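Worksheet: the structure to be examined is printed underneath.
The numbers here are math on the coordinates, done by the rules we state, and not lab data. Predicted model only: the values in this text are computed from it and were never measured. Cβ coordinates were reconstructed from backbone atoms using ideal geometry, including for glycine residues, and neighbour counts include every protein chain displayed.
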Amino acid sequence: VGFPTNATQTAICCASIRGFREIRGRNKFVCPHPNPMNFFTGTIEPAEGGLWFNEGGFRVRLSDELAARADAWSGKEVVFGIRPEDIADTLYVGNPAPDHCLKARVDVIEPMGAEVFIYFTTGRHSFVARMNTTEQAEVNQELSLIFSMKKAHLFHPETGARLA
């Protein structure tokens, strides 16, 4: 692949980018993004004045925007998606919202220069977080993490379509 070197290649490249923008986010299989999304299967449950995603090993409160789209899915199975860069260690977040937090065990630590990829398990699902190199995690350590719920997504468990 590489950079376009003439007008025809530039037009094809721009059309491809436009196409990605038009279909971006419609389903979990269309992810034109450098970091793949983490996926968790669970159910949507009403509790404590809101809607929550319950994975079985953790539960997090949905943002108001996401809850509005997920209301019809209350009590049903869905797929919850979140990108590695939208997960943080609560130690490095000022006033983390407790209803967006979970605990997970570190499986693998992969230093990547200016950042580190940390692979976790909830007991039911494995996932990865992209963190700063200041993170002092160790394998088998349990960390308290927070999801940026405004950047979370919900998908249909069979078709993979994004829930509208």
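Counted by neighbouring Cβ atoms within 10 Å, the residues Val79, Val139 run from fewest to most as Val139, Val79. With neighbours defined as other Cβ atoms within 10 Å of a residue's Cβ, the residues Phe155, Phe39 order from fewest to most as Phe39, Phe155.
So which trypsin sites (Lys or Arg not before Pro) in the stretch 62-142 pass both tests, a DSSP loop state and at most 16 other Cβ atoms within 10 Å of the Cβ?
Working: sites: Arg69, Lys76, Lys103, Arg105, Arg124, Arg130; in loops: Lys76, Arg124.
Qualifying residues, ordered by number: Lys76, Arg124.
Other residues whose C-beta falls under 9 angstrom from the C-beta of Ile118 contribute a net charge of -3, scoring Lys and Arg +1 and Asp and Glu -1.
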